[in-house]
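Right, one structure below, let's go through it.
Where a number appears in this text, it was derived from the coordinates with a stated rule and is not lab data. All of these numbers come straight from a predicted model, not from anything done at the bench. Here Cβ is always computed from backbone atoms with ideal geometry, including for glycine, and neighbour counts include all displayed protein chains.
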Amino acid sequence: MNVTDDQLLAHPNKYSIEILEQNINNLNKKILLATQKLTVDFCIKYILDLAIDNGSEDSYIYDVDYILDFQKHLTKQEFKQLLMLEQV
């Protein structure tokens, strides 16, 4: 199933994580954050940008605090736990 940004905007919280992953290269991160209920794993894998000093104009936006502003059901603790597991 192909999903576009316009479909995300028209149908908030409709799409499963699997469908979003299949379409990730065609979707805008900001629209994803604002319209869909995401998991911590999805956010870390596809949205979080820990390289905030890489010179990218938008990199500062995709930190944990920015993600949490949109994804109210997630917690900073969940991010910390999963990020620590990934470093082991």
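Numbers for the structure displayed
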quantity: Using a Förster distance of 22 Å, the FRET efficiency for LYS72-ASP6 (Cβ separation, nearest 0.05); calculated: 0.40
quantity: J(HN,Hα) series, the range 62-79, from Karplus relation 6.51 cos²θ - 1.76 cosθ + 1.60, nearest Hz, glycine and proline x; calculated: 8, 8, 4, 4, 5, 4, 5, 4, 9, 9, 5, 7, 9, 10, 4, 4, 4, 4
quantity: Whole-Hz ³J(HN,Hα) from phi, Karplus 6.51 cos²θ - 1.76 cosθ + 1.60, for the range 35-49, glycine and proline x; calculated: 10, 10, 7, 10, 9, 4, 4, 4, 4, 5, 6, 10, 10, 4, 10
quantity: Cα-centred dipole magnitude for the chain, charges only on beta-carbon of K, R (+1) and D, E (-1), debye, nearest 20; calculated: 340
quantity: For GLU21, GLU78, GLU86, order by how many other beta-carbon atoms lie within 10 Å, fewest first; calculated: GLU86, GLU21, GLU78
quantity: Estimated [θ] at 222 nm from DSSP helical runs (n ≥ 4, -39500 (n - 2.57)) normalised by residues in the chain, nearest 500; calculated: -11500 deg cm²/dmol
quantity: Whole-Å semi-axes of the range 5-87's equivalent ellipsoid (Cα gyration tensor); calculated: 21, 15, 12
